[in-house]
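Trainee: Here it is: the structure, laid out below.
The values are calculated or read from the model by the stated rules, or taken from the named source; none is laboratory data. Bear in mind the structure is a predicted one, so any value in this text is a computation, not a measurement. Counting neighbours? That spans all protein chains shown, and the Cβs are built from the backbone with ideal geometry, glycine included. Remember, those area values only see protein heavy atoms, side chains included, never the ligands or the DNA or RNA. Shrake-Rupley method; radii C 1.70, N 1.55, O 1.52, S 1.80 Å.
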Amino acid sequence: MHTRDANGSPSTVLVTGGAGFIGSHACVELLDHGYEVIVVDDYSNSCPRVLPRVERIAGRFVGAVYELDIRDRRALSAVFARHPVDAVVHFAAHKAVGESARMPVAYYDTNVGGTTALLHAMHEHGVHRLVFSSSCSVYGDAGEGPLDEAVPHRPTNPYAASKSLCERILADVCRHDPRWSVLCLRYFNPAGAHPSGLLGEDPHGTPDNLFPYVAQVAVGRRQRLRVFGGDWPTPDGTAIRDYLHVMDTVEAHRIALDHLADATGFTVFNLGRGHGSSVLDVVAAFEEASGITVPHKITGRRTGDVAELVADAGAVARAWGWRPSRDLADMCRDAWRFQQLNPHGYQGSSPQPGAKE
Ligand code: NAD
Ligand code: WQD
């Protein structure tokens, strides 16, 4: 897809979950590259104050913002009726692994039901181009070494299973209806923040993910990090993940949109750096970036965790030339800047005194 359609108008992209962590950064990236952006979000894990910041960074307005639940097919359909949407980037989902084990029905409902509601509304309005947020968690406990896209799905929790199911539905829809093109991106562990410090990761409640937790400890909002397991079969005994800067992550989405018009059917790519970091590596890098000691204590393993998940992201590099350019130090520096400027997240602070939001 190109940033102008056949009539020379800017291409319009609907971003579901556009106020969320990755979605908000994606909106900046798309606005920066000339796309018209429409956002839908129910703010179940974000807040409306994010979007003026997106506009401030991009120096352009988001075309329209709708507060709605993607499971509401009628409301979604009305958005497509109002805007000439060319493609959709679908971020909206529930994503907390532990919560998914406690609320499996809610996870299937939002993640799978929300996706089919979206597909329905898209199809109704003749829109068949989609970039879908999948997750490395579909691989489950796949073992050591970089994982490529051919590794079979072995989800270990309802969240991962919901993403795996979505992938199967999307692949099947593409197989049976040649009008669809779907690019499915399996992210490993997106982290970091926009370099401005205006956008970052600000989940509701206690963070599940390592990066926002470490940042909140460093800023004094939480006492100490619990390191889940010091007896994993890894060099320092803590679990290894492939952390990827959110700016690299969203760049891949913009490139995916650029390729969507030429793509047919269902294609899946891993997004990662192909580089593993342990929990203690992250703590050390964060301390280095912030100059602050991050108190931590090794505790028991978290249910459902695995020792190592590292991407083989060679396929996307060969197909599109996309390669991440930012490292762990960049992620820590940017996450820390966001946390320092917004110690209580979006609700609690104005990042620049006197700045309008
Ligand atoms: P996030 O929670 O910050 O963003 C998701 C957004 O979707 C939020 O703004 C939330 O309010 C919205 N949302 C949730 N349910 C909704 C609904 N029913 N209707 C409308 N909006 C709804 O999460 P994120 O980290 O930005 O993740 C974005 C996507 O990427 C998700 O699909 C997630 O599963 C996937 N993903 C994330 C990671 C990660 O580590 N962050 C890794 C792999 C995949
Ligand atoms: C990273 C490492 C924890 C918090 C999940 C999904 C994945 C993606 C990211 C959405 C693990 C350890 C964490 C803490 C800790 N999301 N940790 N103390 O579990 O690798 O991946 O979220 O799709 O798909 O599966 O990410 O950031 O929660 O944890 O020691 O307080 O940090 O055990 O080893 P995870 P995470």
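Trainee: Report the full-extension gain for the segment residue 179 to residue 78: residue separation times 0.36 nm, less the Cα-Cα distance, to one decimal in nm. Don't skip to the answer; put the middle values down first.
Mentor: On the way: separation 101, 0.36 × 101 = 36.36 nm, distance 2.17 nm.
34.2 nm is the gain from fully extending residue 179 to residue 78.
Trainee: Rg and Dmax of the stretch 187-263, Cα atoms, in Å?
Mentor: Just the Cα atoms of the stretch 187-263 yield Rg and Dmax of 16.0, 50 Å.
Trainee: A follow-up question, please. Using a cut-off of under 17 Å, list every residue of the stretch 306-325 whose amide N is near the label point 7 Å from the Cα of residue 148 along the Cα-to-beta-carbon line.
Mentor: The answer is 310-322.
Trainee: So what are the radius of gyration and Dmax for the Cα set of the stretch 198-357, in Å?
Mentor: Rg, Dmax (Cα atoms, Å): 17.5, 50.
Trainee: If you filter the stretch 252-357 for trypsin sites (Lys or Arg not before Pro), then keep DSSP loop positions with at most 11 other Cβ within 10 Å, what is left?
Mentor: Qualifying residues, ordered by number: 356.
Trainee: What does DSSP give for the stretch 12-346 in terms of the percent of beta bridges that are antiparallel, rounded to the nearest 5?
Mentor: Once the DSSP bridges in the stretch 12-346 are tallied, antiparallel ones form about 5 percent.
Trainee: Moving to a separate point now. Calculate how large, on average over all directions, the projected area of the Cα convex hull of the chain is; give the answer in nm² to one decimal.
Mentor: For the Cα atoms of the chain, the hull's average projected area reads 16.6 nm².
Trainee: Which shape class applies to the stretch 78-168: rounded if a/c is under 1.5, otherwise prolate when a/b exceeds b/c and oblate if not, where a ≥ b ≥ c are the square roots of the Cα gyration tensor eigenvalues?
Mentor: Since a/c reaches 1.5 but b/c is at least a/b, the shape of the stretch 78-168 is classed as oblate.
Trainee: Oh, and also: Sum -39500 (n - 2.57) across every DSSP H segment of at least 4 residues in the chain, then divide by the residue count to get the 222 nm mean residue ellipticity, nearest 500.
Mentor: Calculated from helices alone, the mean residue ellipticity at 222 nm is -11000 deg cm²/dmol.
Trainee: By how many degrees, 0 to 90 and rounded to 10, does the Cα axis of helix 246-260 deviate from the longest principal axis of the chain?
Mentor: For 246-260 against the chain, the angle is about 20 degrees.
Trainee: Among rounded, prolate and oblate, which fits the stretch 1-129 when a ≥ b ≥ c are the square roots of the eigenvalues of its C-alpha gyration tensor, a/c under 1.5 means rounded, and a/b larger than b/c means prolate? Working shown, then result.
Mentor: Values: a/c = 2.20, a/b = 1.35, b/c = 1.63.
Oblate is the answer for the stretch 1-129, as a/c is 1.5 or above yet b/c matches or exceeds a/b.
Trainee: Once label points are set 7 Å from the Cα along Cα→Cβ at both residue 223 and residue 259, what is their separation, rounded to one decimal in nm?
Mentor: In this crude spin-label approximation the distance works out to 4.8 nm.
Trainee: Under a 1.4 Å probe, what is the accessible area of the chain per residue, stated in Å²?
Mentor: Roughly 41 Å² per residue, with all protein chains present.
Trainee: For an R0 of 41 angstrom, estimate the FRET efficiency from the Cβ-Cβ distance between residue 325 and residue 301 and round to the nearest 0.05.
Mentor: That pair, residue 325 with residue 301, gives E of 0.80.
Trainee: A further question follows. Equivalent ellipsoid semi-axes for the stretch 149-213, as square roots of 5 times the alpha carbon gyration tensor eigenvalues: give them largest first, rounded to whole Å.
Mentor: Sorted largest first and rounded, they come to 30, 17, 11 Å.
Trainee: Sticking with this structure for a sec: If one computes the Cα centroid of the stretch 302-333 and of the stretch 37-69, what distance in Å separates the two points?
Mentor: First find each Cα centre; the distance between them is then 27 Å.
Trainee: What residues of the stretch 85-129 lie in the reach of a label at residue 172, counting those whose backbone N is under 18 Å from a point 7 Å from the Cα along Cα→Cβ?
Mentor: The answer is 108-121, 123, whose backbone nitrogens lie closer than 18 Å to the label point.
Trainee: 7 Å from Cα along Cα→Cβ at both residue 344 and residue 49: what's the point-to-point distance in nm?
Mentor: 0.8 nm
Trainee: Are there any trypsin sites (Lys or Arg not before Pro) in the stretch 169-248 that are in a DSSP loop and have at most 14 other Cβ atoms within 10 Å? List them by number.
Mentor: Numbers: sites: 175, 179, 186, 221, 222, 224, 226, 241; in loops: 179, 221, 222, 224.
In loop regions of the stretch 169-248 (DSSP not H, G, I, E or B), the sparsely surrounded trypsin sites (Lys or Arg not before Pro) are 179, 224.
Trainee: If you scale each eigenvalue of the Cα gyration tensor by 5 and take the root, what three semi-axes come out for the stretch 238-326, rounded to whole angstrom and sorted largest first?
Mentor: Taking √(5λ) for each Cα gyration eigenvalue gives 32, 16, 10 Å.
Trainee: Using a 1.4 Å probe on the protein chains only, how many percent of the accessible area of the stretch 12-346 belongs to carbon and sulfur?
Mentor: 49 percent
Trainee: Give me the number: length gained by fully extending residue 288 to residue 206, i.e. 0.36 nm times residue separation minus the C-alpha to C-alpha distance, one decimal in nm.
Mentor: Here the answer is 27.1 nm.
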